[in-house]
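The values are calculated or read from the model by the stated rules, or taken from the named source; none is laboratory data. Remember, predicted model here, so these are calculated numbers, not experimental data. Note that we place each Cβ from the backbone using ideal geometry, even for glycine, and neighbour counts take in every protein chain shown.
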Amino acid sequence: MSTSTSPQELLRDPPPGLRFRRSLAVSLALALGATGVSAAVAVTKVTETNKQQLTAVGPVSSKYGFPAWYEDRTGTRLELCDDGTNPLCGLAPEEGFDPEQPLALPGNFPHEIFYMLAGSELDLPGGGSAVLTLGLEAAFANEVAPGEQMVFARQRLVVKDGPANSTLSFPHPYGTIEVDTDAEGNAKLVEDISPAVGNFETPLGSNLGPFLKWDTGAPAGYLGNPDVPHRIVGGLRTTFSVSGTNAATGEAVAASTDQFTVQGKIATNTGVKAEQAVATSDATGTYLDVFATSRSDTLEVSGQGIATTPLEKAPGTSELAYARVKVDGALPGEVTVTNLADDPQSTSTVGVSDVSVPTSATYDGTKLTVVARTTSGSAPKVDGFGDTAPGADGTYQGSFDTVAPPVNVTVSTGTSKATVPVVVTDGPVSPVGVPAPPEGEDPGPVTETEGGTPGTGTPGTGTGTPAADAEEPTAAIAPLTASVPRGIATELDGSGSKDNAGAVTYEWSQVSGPEVAFDRKDVAKPKVTVPFFTTTGAAAPVAPDANPVLQLVVTDAAGNTSAPATVTLNSDDQITIAPGARFRAGKEFRLGGTAVVQGAPTLLQPPTSVNVYDMAADGTSKRKLGTAQVDTLGNWELRLRPAPNGTVANVLVQSTRGGEARGAVAAG
């Protein structure tokens, strides 16, 4: 067995900074060019998955912007192995990073750093090798910069110079990989779950877990020594093996090893996350309600103009912490929660919201009604719906017509926001759908009785007499009640189209706008997907595009064709830039806002991202400042520390879902 290739070296293919410019979702990619693997490996796949997954992720640390720890089902928690001078961490020098110097982000930080990294190498019968790499990796979507952090779980298998044109199976601790080698005996599989900027919970659904560690004798505080192959425990099995048949000779291919290199640092800190700081007021004064999560019992909150105050935890809870702080002067812009038990102490900062949790958000079948309070004196806005107006008892109220209420509503004033679930109080029962036809059969138009609404399934109250005969069929498209999110399939409805004989065929086509993708063009209800407007990798702004316009023509059995009916897919989301954007030379750049598709849920999959560009006075782009992902509440924020060189006075924000906004940035 050869140990000349370290797991760290194996993970650097393709080069850092290029490897992560991929779709931020679960990816199963065959990197053919890197090893000369031909298209013959198309059936290479994961044939056995591992359900012994990771169980928890810790709060995001303000130190580097990554989670403080990950935990497996055995209770083992790992933190980043971030000491470049410690051989048990194995950080290698690279361009822009010196492991001999203290880590700093930005400034001196590697493209990749690990919670766990394990590897094994297997000599194949007849020559060649198979190298397995398993890791939980912290990395960056585009560049080593704040706001680009992501964590993913990887399993990777590289076969070189093995049996040619052969199918081989490789069981390992976290599953089984099957590969078809090419004419040179090469094959490769890389599975990354799931690179998503800022969404650190996605690795919990990966094949990784429990963490692999030496069966005996591991250095105190670590899973093992990455420079020393060793037996391990954890996972489905403790070996890396191969089975199959050499296609050229007909001989069995079988080998196994129990030697693994393992790297991982046992977490000693618990971290802390400041969840929310909400200002409230009554006859007795103004208060800050501070919420945080941590496994530590020793937390305190501090901020400008308020007294440093311990947070309390309710009996029986493991993470929830709370404090109410009296505010005698002006509200601070932000507060910091510190975990005093960590060494060094962990901190987390959160902006102060002047919007208290809405007192109610109800839906009665036709209207969404929201009641909220605020200490700012300005009317809050219900994100995705509209403004509120002053109501009774110092509250603000808004009532909005909608046929599909959201699960939660978010109320905001500027950069402050709060969220509450929607409670349904009344409403009619939705109509029963039309029975599905046998597979492959087109149901044709839905016949409505008198008084019904074409295309909606709403029952009528008449006698069921057909509509008056028409000489030609009529095409009809049900109106869309909401915007169409780009990148997500949306169903159109042409079932209200009519003909005197009751039977028509359908022909959908596109009139103008960015090209959409149809799943079918010959059915009453096709699904269409509008392409994304831009990508997170775009170095410069893209020109605005028009909304797609589609049309439907129907033809009856006699060959009569209808006039076309058209529908416009309003597909751009709405972008806002929140007040408070600032540029502090040499220190910080901060910009935030919202991105919402009107009428659609705030949480979209894949999630929305925004690109932020530094704009010259004449409206031309000077440079790209960065990319931020929109969170589950529709918010985004880009922070750069230190601030970019030069000055930033004007910005353009473009969303992957079509919206854009321009704004000014204050200095100081």
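A few notes on this one:
- Qualifying positions in the range 191-221 - surrounded by fewer than 20 Cβ atoms within 10 Å (Cβ to Cβ), closer than 25 Å to SER243 by Cβ and among the aliphatic types (A, V, I, L, M): none
- Matching entry among GLY487, GLY494 (being modelled with pLDDT of 60 or more, more than 30 Å from ASN560 (Cβ to Cβ) and not assigned by TED's automatic domain parsing to the domain that holds THR395): GLY487
- Qualifying residue in the range 318-340 (condition: surrounded by fewer than 21 Cβ atoms within 10 Å (Cβ to Cβ), touching a Gly at 6+ places or on another chain (Cβ under 9 Å), farther than 30 Å from SER129 by Cβ and among the hydroxyl-bearing types (Ser, Thr, Tyr)): yes
- Some residue of the range 594-613 being small (Gly, Ala, Ser), closer than 30 Å to VAL554 by Cβ and not assigned by TED's automatic domain parsing to the domain that holds LYS417: yes
- Residues in the range 139-161 that are closer than 18 Å to VAL57 by Cα and among the aliphatic types (A, V, I, L, M): ALA139, MET150, VAL151, ALA153.
- Those strands (runs of 3 or more DSSP E) lying entirely in the range 490-565 with at least 2 residues closer than 30 Å to PRO607 by Cβ and of a type in the set (S, T, N, Q): 504-512
- Residue match in the range 58-68 (condition: β-branched (Val, Ile, Thr) and at pLDDT 90 or above): no
- Conditions (1) more than 30 Å from GLY84 (Cβ to Cβ); (2) assigned by TED's automatic domain parsing to the domain that holds THR76; (3) of a type in the set (S, T, N, Q); (4) in a strand (DSSP E or B); number of the one not met by THR261: (1)
- ALA436 in a loop (DSSP other than H, G, I, E, B), modelled with pLDDT under 85 and within 30 Å of PRO579 (Cα to Cα): no
- Restricted to the range 148-257, the set of strands (runs of 3 or more DSSP E) holding at least 3 residues that are among the aliphatic types (A, V, I, L, M) comprises 149-160, 187-193, 252-257.
- Those strands (runs of 3 or more DSSP E) of the range 364-431 in which at least 1 residues are within 28 Å of ASP282 (Cα to Cα) and more than 23 Å from the chain's Cα centre (by Cα), considering only elements entirely within it, cover 367-372, 396-401, 408-413.
- Taking the listed residues ASP227, ASP215, the one that is of a type in the set (Asp, Glu) and either within 17 Å of LYS45 (Cβ to Cβ) or in contact with a Lys or Arg (Cβ under 7 Å, 6 or more places away or on another chain) (or both) is ASP215, with no other qualifying.
- A Cβ distance below 8 Å, combined with a sequence gap of six or more or placement on separate chains, defines the contacts here; from the range 519-532, residues that are closer than 16 Å to ASP545 by Cβ reach residues that are among the hydroxyl-bearing types (Ser, Thr, Tyr) and part of a strand (DSSP E or B) in the pairs VAL528/THR490; THR529/THR490; VAL530/THR490.
- Unmet criterion (only one of (1) in a strand (DSSP E or B); (2) without any contact (Cβ under 8 Å) to a residue 60 or more places away in the chain; (3) under 30 Å from PHE211 (Cβ atoms)) for THR309: (3)
- For GLY559, the criteria (1) in contact with a Leu (Cβ under 7 Å, 6 or more places away or on another chain); (2) without any contact (Cβ under 8 Å) to a residue 24 or more places away in the chain hold in every case but one, which is (1).
- Filter pass, VAL144 being hydrophobic (A, V, I, L, M, F, W, C) and surrounded by fewer than 23 Cβ atoms within 10 Å (Cβ to Cβ): yes
- Wholly enclosed strands (runs of 3 or more DSSP E) of the range 36-140 bearing at least 2 residues under 28 Å from the mean Cα position of the chain (by Cα), over 16 Å from VAL262 (Cα atoms) and of a type outside the set (Lys, Arg): 45-48, 129-140
- Those residues of the range 530-544 which are surrounded by 14 or more Cβ atoms within 10 Å (Cβ to Cβ) and at pLDDT below 90, in sequence order: THR536, ALA538
- ASP289 vs. criteria more than 28 Å from the chain's Cα centre (by Cα) and either farther than 30 Å from GLY394 by Cβ or in the same structural domain as VAL179 (by TED's automatic domain parsing) (or both): no
- So THR594, is it β-branched (Val, Ile, Thr) and buried (at least 21 other Cβ atoms within 10 Å of the Cβ): yes
- Selection within the range 161-190 - in contact with a Phe, Trp or Tyr (Cβ under 6 Å, 6 or more places away or on another chain) and of a type in the set (A, V, I, L, M): ILE177
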